[in-house]
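**Student:** Before anything else, here's the structure in question.
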Amino acid sequence: MKDASPAAAPLEIFLSDYTPPAYLVDTVELTFKLHPTKTRVISKIAFRPNPEATDKTFYLHGEDLTLIRASIDGQDWKPYATEHGLTARVPDAPFIWEAEVEISPSTNTALEGLYMSNGMYCTQCEAEGFRKISYYPDRPDVMAVFTVTIEGDEKVKLSNGNDLGDGKWHDPHPKPAYLFALVAGDLVNLHDTFTTKSGREVDLNIYVRDGDLHKTPFGMDALKRSMKWDEDVYGREYDLDLFNIVAVDDFNMGAMENKGLNIFNSSAVLASPDTSTDGNFHRIETIIAHEYFHNWTGNRITCRDWFQLCLKEGLTVFRDQQFSGDTRGHAVERINDVLQLRARQFREDNGPLAHPVRPESFVEINNFYTATVYEKGAEVIGMLKTLIGDEAYYEGCDLYFTRHDGQACTIEDWLKCFEDTTGRDLTQFKLWYQQAGTPRVKVDEAFQDGTYTLTFTQSTPPTPGQDTKDPRVIPIAVGLLNDAGEEIHPTKICEVTDEVHKFRFTSLDAKPIPSINRGFSAPIILEREQSNAERAFLLAHDTDPFNKWEAGRALARDVMVRMVTEDATPDQAYLDGLVAVARDDTLDPGFKAFCFSGPSNDDIQQALVDSGVTPDPTKIFLTGQTLNLSISQAVQDLLPRIYAEMQVTGPYSPKVEDSDRRAWGNAALAMLSRLDGGAQAAKQYETADNMTQQLAALGCLLRAEVGENQNQAFYDQWKDDRLVMDKWFAMQVMHAKLDKAAPKAQAMTQHPDFTMTNPNRFRAVFGALGGNVAGFHDRSGEGYRVMADALITLDKINPQTTARMTTVFDTWRRYDADRQAMMREALERIKATEGLSGDTTEMVTRLLGG
Ligand code: B3K
Ligand code: ZN
């Protein structure tokens with residue numbers, strides 16, 4: 001394992017090298033004497049030898065710690081320490097380790113360990129941040145009972161578990177150090193209670209900075225709904241008397257599931273109609289549910305080692321997706337989830353960063369909190385549920401929760417529960433965890449004498465370190481329609497297990513029209529010759545909402561690809577199809593909005609790459625504009641009515657019925673703006689009484705390049721609200737066209753409100769630059785240069801956020817020679833930076849194919 005020897009520098013570590021910890025911990029007592037630059041952390045740890053260990057070396061991780069004193073069983077002791085940890089000769093019997101270290105939270109800009117954000121102390125320990133707080137065996141399979149004392153003048157002092165008063169906390173549930181948390185600051189809180197199904201009352205709090213209290217009720221409501229859902233669906237009850245959430249402005253990701261003390265990026269919990277969009281409300285609800293669900297899938301049952309990360313993350317994403325589906329409607333949620341999966345995970349799986357859901361090796365685990373581990377990990381759970389059925393799935397989960405409660409587990413432990421309850425051999429299914437790459441499934445069909453035969457041929461392209469792949473088990477849901485658009489066969493799950501696998505449907509009157517991979521039952525790429533007439537038919541008739549949308553999307557992609565490659569004009573059948581969708585009053589507004597959102601620049605690029613064409617992002621962008629104008633003209637007559645009908649009256653509510661209407665209404669506004677130069681959008685901007693409407697209008701105006709006044713007014717109105725300002729920063733870069741994007745991003749870094757130390761603000765500008773595909777890839781290469789400069793600067797401040805942002809370069813091999821050369825040069829320049837962090841070094845090395 002990493003740090004196995006005291007002098008070890010960051011090394012590649014391997015799943016196959018796992019060994020159990022030499023010493024286990026029963027109890028940990030921590031005392032914090034808080035000070036911005038000289039916090040003292042005093043630890044008293046009860047160790048005992050692990051009877052199962054083969055290697056008996058006592059090793060404690062520790063980084064950026066100044067050791068003041070240490071003792072073993074009361075005897076002062078001078079350890080041998082390196083920059084990564086220390087070793088000691090210790091008794092082969094239980095003993096007490098005590099140590100005092102000094103740390104400096106206010107200069108900790110990496111935001112790992114104990115740090116300060118706007119004057120408050122907070123922590124982030126997953127994955128390996130606890131070692132920046134105290135010497136400790138910082139690995140998830142060492143679980144201990146923590147008691148914490150916090151000394152300081154702050155009004156609020158919080159840690160995990162139960163509040164013993166006077167800054168003292170006790171968490172009765174043994175946990176790994178990555179779930180440790182501490183918060184101290186002058187905070188205010190919204191309080192509520194939840195009564196569990198067994199009748200226990202749990203105190204709930206959301207702690208925020210003064211002035212943000214009005215942004216907490218939605219989060220509290222989402223928390224209570226999540227607690228109820230987990231009881232109803234998975235039978236999981238909360239297990240402490242207190243559950244605290246704290247909002248923090250400077251945070252590397254969305255949120256963290258620390259036991260009983262979830263810490264949230266303020267963008268992932270604070271919501272108000274004035275300052276948050278429908279999308280923000282949705283995201284907040286999802287993240288609150290996700291972190292809460294970790295209490296069972298992650299905290300009560302954790303991971304044996306970090307290779308098993310998907311054990312908690314894939315499962316918890318799957319659970320939060322189920323919750324969102326139950327809350328907001330399964331059809332639109334599934335489309336949303338698949339859009340994300342394709343945009344981020346398929347892209348990752350198809351490039352230099354491809355890795356299995358359970359990686360075999362890593363250098364820096366923070367680089368593996370990826371779409372593959374999370375979103376593909378969730379898809380794998382979904383496929384398991386589809387293959388064994390709902391009842392067996394929940395039975396297996398119950399067994400998992402009882403058999404492994406309080407343990408640190410592996411994927412093998414998880415799968416065994418389902419093998420034991422179903423009697424099914426899941427060896428082949430396990431390949432989903434082991435093999436990287438998105439399977440491609442070619443579909444051939446034949447019809448003869450009333451029998452319709454579907455032949456599936458699966459293959460997975462090579463990925464780094466994995467040249468060949470074995471066939472996986474792939475559950476493909478298939479429905480059949482007749483040419484009147486009626487279902488003629490119940491949806492069947494075709495379990496594809498071989499490289500070539502045939503399925504027969506008999507006693508049919510005529511060749512059916514198949515609807516394949518309904519609900520996106522498997523995360524695969526279907527390769528199928530399909531006419532646009534058939535796509536239009538499925539768009540009109542498929543009863544599976546996912547495939548109905550999918551048909552429209554495939555049609556749109558084909559139209560765009562032909563416009564790009566053949567300079568074709570927009571396809572009339574496609575435009576007619578969209579007019580039919582717009583007119584169809586039986587369709588949900590949210591679904592219509594999705595149908596009109598069309599494929600992204602990145603989607604089209606992928607489609608071009610698949611057909612052997614080198615994508616030109618500029619041309620794709622300009623073609624998209626032409627198509628969007630044609631679509632707007634095609635539905636022109638309907639737009640005023642759609643727009644008027646979708647206006648929501650009464651006070652703002654984030655409920656799905658209203659947010660879907662706003663989504664469709666604002667899609668109509670975007671089309672109107674292409675025709676009226678932004679006149680309607682300017683009106684909406686003036687009258688908007690919530691952020692969704694205000695921001696949508698501003699977006700239309702900026703896209704039409706007429707929103708200068710509103711842009712300034714927006715800034716003046718919201719300049720004191722950090723979260724709204726993040727939106728404003730992002731809008732400036734997102735809507736800057738082509739060669740204007742990179743200079744705009746650069747200019748935004750000179751704005752007085754820009755700061756490199758706040759990850760949200762950095763991501764607002766540079767995430768928007770990376771997301772502005774045509775701007776980032778402008779042929780001048782300025783996008784690459786500006787991005788590389790920013791990453792080189794940020795790496796010294798915050799390696800984790802830097803490393804993550806390098807993924808904007810992951811498609812570099814897809815482009816023409818000039819762009820490739822410029823991107824390679826940018827990556828090499830980052831890599832050659834003196835003192836570059838291990839996090840970023842690993843990423844750019846993998847990106848370059850090293
Ligand atoms: N478990 C955390 C992620 C920690 C990331 C560390 N780099 C949040 C989540 O997945 O719920
Ligand atoms: Zn998670």
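Values quoted throughout were computed directly from the atomic coordinates according to the rules given, and no laboratory measurement underlies them. The structure displayed is predicted, hence computed values, not measured ones. In this analysis, Cβ positions are derived from the backbone assuming ideal geometry, glycine residues included, and neighbour counts consider all displayed protein chains.
**Student:** Want the number for Gln750 to Asn482: 0.36 nm per residue separation, take away the alpha-carbon distance, what's left? Could the numbers behind the result be given before it?
**Tutor:** Details: separation 268, 0.36 × 268 = 96.48 nm, distance 6.12 nm.
Extending this stretch completely gives an extra 90.4 nm.
**Student:** Residue-wise, which Karplus ³J(HN,Hα) couplings in Hz belong to region 661-678, taking 6.51 cos²θ - 1.76 cosθ + 1.60, θ = phi - 60°, and x for glycine or proline?
**Tutor:** 5, 5, 4, 6, x, 6, 5, 5, 4, 4, 5, 4, 5, 6, 9, 10, x, x
**Student:** Starting from 0.36 nm per residue, how many nanometres of slack lie between Glu708 and Thr468 once their C-alpha separation is accounted for?
**Tutor:** Computed gain between Glu708 and Thr468 is 81.0 nm.
**Student:** Starting from the Cα of Arg69, step 7 Å toward the Cβ, then list every residue of region 101-144 with an amide N under 12 Å from that point.
**Tutor:** Under cut-off, by backbone N: 101.
**Student:** May I ask you to sort Asp444, Asp138 by Cβ crowding, counting other Cβ atoms within 10 Å and putting the fewest first?
**Tutor:** Lowest count first: Asp444, Asp138.
**Student:** Compute the distance in nm between two label points, each set 7 Å from the Cα along the Cα-to-Cβ direction, one at Asp221 and one at Asp326.
**Tutor:** 1.9
**Student:** Once fully extended, how much extra length lies between Thr37 and Arg440, figured as 0.36 nm per residue of separation less the alpha-carbon to alpha-carbon distance?
**Tutor:** Computed gain between Thr37 and Arg440 is 139.7 nm.
**Student:** Same structure again: Could you give me the ³J(HN,Hα) list for region 798-813, computed from phi with Karplus coefficients 6.51, -1.76, 1.60 and θ = phi - 60°, whole Hz, x at Gly and Pro?
**Tutor:** 9, x, 5, 5, 4, 4, 5, 5, 4, 5, 4, 8, 6, 9, 4, 6
**Student:** Residue farthest toward the positive end of the dipole of the chain, with Cβ of Lys/Arg at +1 and Asp/Glu at -1: which of Asn299, Phe32, Ala568?
**Tutor:** Ala568
**Student:** Return the distance in nm (one decimal) between the two label points of a simple spin-label model at Ala688 and Asp610, each offset 7 Å from Cα along Cα→Cβ.
**Tutor:** My value for the distance between the label points is 3.5 nm.
**Student:** So how tilted is helix 722-734 from the main axis of the chain? Cα-based, degrees 0 to 90, rounded to 10.
**Tutor:** Once rounded, one gets 40 degrees.
**Student:** Further question: Rounding to the nearest 20 debye, state how big the charge dipole of the chain is about its Cα centre with +1 on each Lys and Arg Cβ and -1 on each Asp and Glu Cβ.
**Tutor:** Numbers: 87 positive and 127 negative charges, 203 e Å.
I would put it at about 980 debye.
**Student:** Sticking with this one: Relative contact order of region 100-228: what whole-number percent is it, with Cα pairs under 8 angstrom and at least 6 residues apart?
**Tutor:** 19
**Student:** Enter the angle in degrees (range 0 to 90, nearest 10) between the Cα long axis of helix 691-703 and the first principal axis of the Cα atoms of the chain, meaning the one along which they spread out most.
**Tutor:** Approximately 60 degrees, to the nearest 10.
**Student:** Of Pro471, Phe505, Ala446, which is farthest towards the positive pole of region 423-518's charge dipole, taken about the Cα centre with +1 and -1 on the beta-carbons of Lys, Arg and Asp, Glu respectively?
**Tutor:** Most positive-ward Cα: Pro471.
**Student:** Still on this structure, I have one more. Among Glu128, Glu100, which comes first, second and so on when ranked by fewest other beta-carbon atoms within 10 Å?
**Tutor:** By the 10 Å Cβ count, ascending: Glu100, Glu128.
**Student:** Roughly how many debye, to the nearest 20, is the charge dipole of region 725-850 about its Cα centre, given +1 on each Lys and Arg Cβ, -1 on each Asp and Glu Cβ, and no other charges?
**Tutor:** On the way: 17 positive and 15 negative charges, 54 e Å.
I would put it at about 260 debye.
**Student:** Report, in degrees rounded to the nearest 10, the 0 to 90 angle that the Cα long axis of helix 708-718 makes with the longest principal axis of the chain.
**Tutor:** Its long axis makes an angle of about 30 degrees.
**Student:** Can you list the HN-Hα couplings for region 396-406, worked out from phi with the Karplus curve (6.51, -1.76, 1.60; θ = phi - 60°), rounded to whole Hz and with x for Gly and Pro?
**Tutor:** Listing the rounded values in order: x, 4, 4, 5, 4, 5, 7, 5, 10, 4, x Hz.
**Student:** Just want the ordering: Lys215, Lys228, from fewest to most Cβ atoms lying within 10 Å of their own Cβ.
**Tutor:** Sorted ascending by nearby Cβ count, the order is Lys228, Lys215.
**Student:** Right, another one. Please tell me the relative contact order of region 762-823 in percent, rounded to the nearest whole number, where contacts are Cα pairs under 8 Å and at least six residues apart.
**Tutor:** 28
**Student:** With a cut-off of 8 Å between alpha carbons and a minimum separation of six or more residues, what is the relative contact order of region 725-850 in percent?
**Tutor:** 22
**Student:** Give me, ordered by chain and number, the residues 5 or more places off Cys494 or on other chains with an amide H under 5 Å from its own placed amide H.
**Tutor:** Ile476, Ala477, Val478
**Student:** For labels at Leu629 and Arg562 in the simple 7 Å Cα→Cβ model, what's the distance in nm?
**Tutor:** That separation, rounded to one decimal, is 2.1 nm.
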